[in-house]
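Scroll down for the structure; my scribbles are underneath it.
The values are calculated or read from the model by the stated rules, or taken from the named source; none is laboratory data. Just so you know, these numbers come straight off a predicted model, no measurement behind them. Cβ sites come from the backbone with ideal geometry, for glycine too, and all protein chains shown count toward neighbours.
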């Protein structure tokens, strides 16, 4: 069956022509899926009964099942566990800010990148998500909350650039005409540093923000935290980031998880400042979210502030990520991992 929600409008028009339907039917169906967020063909009431039956027979309309929701009592952050049509699990997060709602979505079921502080990778990669499965995380959350989504971050379970073609199609569907009308400038894609894919994405000339998971200021320490660094050296990754900026004009965000006693010292801050000074990027400091499978812990608040101050004195633009959802399974992959472990024990 054809995954109809992953089709562009021109592709959907071609499908309608094959069915002997007028091409305007495509725009109606597209609007039902991406504006009215329909979960089934039956509800598309301005289509004929015969067409709806044909659509049910030949096309799959992906709709994720919401299995579990955790909502923080501290800040209202909500974390969602979704079941995919094939039974795999993914998670998404809704974060409410004064400037609008942000949704953090997954791009894969599991992950094969092996980053040491991330729960997403502990059970390996199951598969990449389809564009429709990425979209439907946003659609289901918007329907559940009754509130508009303003910003989308592809930073949940999985490595987005390891699912490149589906990611780019998703981005075009999300930000194109006939959908939620989210600006590309309100979309962030995170990567651990797959160099060829960063360069390829640069040449798409999208206006999204690219966020590099850096987490270390030197090659050796980065390899310790992120196995992908053994394949792509730090200097190669930063050159790819420079190329991305040259092609798109979009400043890179460098994500840096602070791990107590590992990468949070004065020397680390000085090396990081020297490394990033020529790149005119923005550093987002993230006190690491502890997971039970690792013994990494957060630095105390004083060390985090000292690290930030050291970067700022060197002329680096830096923020400390506001911690949200600390009283729920907040780290990437935690809710999915907890649920899967519980299922195994049954």
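Observations on the model:
- Members of segment 296-329 found to be in a loop (DSSP other than H, G, I, E, B) and modelled with pLDDT of 70 or more, listed by number: 296, 297, 298, 299, 300, 314, 315, 316, 321, 322
- Residue 201 vs. criteria under 18 Å from the mean Cα position of the chain (by Cα) and either at pLDDT 95 or above or surrounded by fewer than 16 Cβ atoms within 10 Å (Cβ to Cβ) (or both): yes
- Every pair of residues 6+ apart whose Cβ atoms lie under 6 Å, when the first sits in segment 1-16 and is outside the structural domain of residue 133 (by TED's automatic domain parsing) and without any contact (Cβ under 8 Å) to a residue 24 or more places away in the chain while the second is buried (at least 19 other Cβ atoms within 10 Å of the Cβ) and part of a helix (DSSP H, G or I): 12/26; 12/30; 13/26; 16/25; 16/26
- Failed condition for residue 112, given (1) touching a strand residue (DSSP E or B) at 6+ places or on another chain (Cβ under 6 Å); (2) at pLDDT 95 or above: (2)
- Comparison of 39, 86 shows that the only residue that is closer than 30 Å to residue 118 by Cα and part of a loop (DSSP other than H, G, I, E, B) is 86.
One line per residue, one yes/no per condition, for (1) within 15 Å of the chain's Cα centre (by Cα); (2) over 19 Å from residue 210 (Cα atoms):
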| site | (1), (2) |
| --- | --- |
| 115 | no, no |
| 128 | yes, yes |
| 134 | yes, no |
| 138 | yes, yes |
| 144 | no, yes |
| 149 | yes, yes |
| 156 | yes, no |
| 162 | yes, no |
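- The single residue among 43, 76 that is in contact with a strand residue (DSSP E or B) (Cβ under 7 Å, 6 or more places away or on another chain) and either modelled with pLDDT under 95 or over 25 Å from residue 129 (Cβ atoms) (or both) turns out to be 76.
- Failed item, numbered, when residue 88 is tested on (1) farther than 25 Å from residue 215 by Cβ; (2) out of contact with any strand residue (DSSP E or B) (no Cβ under 7 Å at 6 or more places or on another chain): (2)
- Qualifying residue in segment 169-184 (condition: outside any helix (DSSP H, G or I) and surrounded by 23 or more Cβ atoms within 10 Å (Cβ to Cβ)): no
- Residue check for residue 141: in the same structural domain as residue 118 (by TED's automatic domain parsing) and in contact with a strand residue (DSSP E or B) (Cβ under 8 Å, 6 or more places away or on another chain): yes
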